[in-house]
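Visitor: Got a structure for you, written out below as structure tokens; questions coming shortly.
Every number here is computed from the coordinates shown, using simple stated rules; none is lab data. Keep in mind it's a predicted model, so treat the numbers as computed, not measured. All Cβ positions, even for glycine, are placed from backbone atoms using ideal geometry, and neighbour counts span all protein chains on display.
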Amino acid sequence: MEAIARRIRDVPDFPKPGVVFKDITPLLLDASAFRRAVELMTAPFQGSRVTRVVSIESRGFLLGAPVALALRAGLVPIRKPGKLPAERGRVEYALEYGTDALEMHRDALGSGDRVLIVDDVLATGGTAEAAAKLVRAHSGEVVGFTFLIELDFLKGRERLRGERVEALLHYA
């Protein structure tokens, strides 16, 4: 775990003053550490009969694709509005100031699909919660969530109460 943690770079004041961004690109550059992170993110769900991995734009795609391959599951991208070409389902969710939305192809999930939701960081939990609502609105069953990083001080796990939530690295 230490080899993975050492490859997360802190970038102060990004994207705005006072925020310390957790940059995963150094991890992605180290094939061995990246592979190990994917293995550890996947391991808790190996016996869960996951049929689809839903990954959240954009860094979630980088982790979701290898997790899906490891679980022998299909990959479903969830994107910001206007980025998907076919018929889409949409869910809006509240931000600190205003709203945002996520979209997914309507034909990406079917009844009986068991879904693991993957993203790089669990912060406030709003995006992950919205992703789960979108999955359920399209007949998917949420098996759990897996994150590379959890920012514990933002209490995002509380918004996912009752769900199985796994995270490799925790920052207090």
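Visitor: Just the ratio, please: alpha-carbon radius of gyration of the stretch 17-145 over 2.2 N^0.38 Å, N its number of residues.
Guide: On the way: Rg = 14.7 Å, N = 129, 2.2 N^0.38 = 13.9 Å.
Rounded to two decimals, the normalised Rg is 1.05.
Visitor: Using DSSP to call loops (not H, G, I, E or B), can you name the GluC sites (Glu not before Pro) in the stretch 1-92 whose Cβ has at most 13 other Cβ atoms within 10 angstrom?
Guide: Working: sites: E2, E39, E57, E87, E92; in loops: E57, E87.
Hits after loop and neighbour filter: E87.
Visitor: Under 5 Å between amide hydrogens, which residues at least 5 positions from V54 or on another chain qualify, with H placed 1.01 Å from N in the peptide plane?
Guide: Residues meeting the amide H criterion: V76, L116, I117, V118.
Visitor: What is the dipole size for the chain, taken about its Cα centre, with +1 at each Lys and Arg Cβ and -1 at each Asp and Glu Cβ, in debye to the nearest 20? Please list the in-between numbers first.
Guide: Working: 25 positive and 23 negative charges, 69 e Å.
Result for the chain is approximately 340 debye, rounded to the nearest 20.
Visitor: So, counting K/R as plus one and D/E as minus one, what does the shell of residues with Cβ under 14 Å around G74 add up to? Numbers along the way, then the final one.
Guide: Details: positive: R49, R52, R72, R114; negative: D107, D113.
So the environment of G74 carries a net charge of +2.
Visitor: While we're here: Count neighbours as other Cβ atoms within 10 Å of each site's Cβ, and list the trypsin sites (Lys or Arg not before Pro) in the stretch 61-109 that are DSSP loop with at most 15 such neighbours.
Guide: Sparse-neighbourhood loop trypsin sites (Lys or Arg not before Pro): R72, K83, R106.
Visitor: Here is a further query. Treat the count of other C-beta atoms within 10 Å as a stand-in for reagent exposure and order I117, I24 from fewest to most. Please report the intermediate quantities before stating the final value.
Guide: Numbers: I117 30, I24 21.
Ordered by Cβ neighbours within 10 Å, fewest first: I24, I117.
Visitor: With contacts defined as alpha carbon pairs under 8 Å and 6 or more residues apart, what's the relative contact order of the stretch 48-171 in percent?
Guide: Working: 272 pairs, mean separation 29.1, N = 124.
Relative contact order here is 23 percent.
Visitor: Another one. So if each residue of separation counts as 0.36 nm, and I subtract the Cα-Cα distance between S139 and S32, what length gain in nm does that give?
Guide: Working: separation 107, 0.36 × 107 = 38.52 nm, distance 3.64 nm.
Taking S139 through S32 to full extension adds about 34.9 nm, to one decimal.
Visitor: Now a separate question. If you stretched the chain out fully between S48 and D100, how much longer would it get, using 0.36 nm times the residue separation minus the C-alpha to C-alpha distance?
Guide: Details: separation 52, 0.36 × 52 = 18.72 nm, distance 3.08 nm.
Separation in residues times 0.36 nm, less the Cα-Cα distance, equals 15.6 nm.
Visitor: When the chain is treated as a GNM, springs tying every alpha-carbon pair under 10 Å, which of P44, P66, P12 comes out with the largest mean-square fluctuation?
Guide: P12
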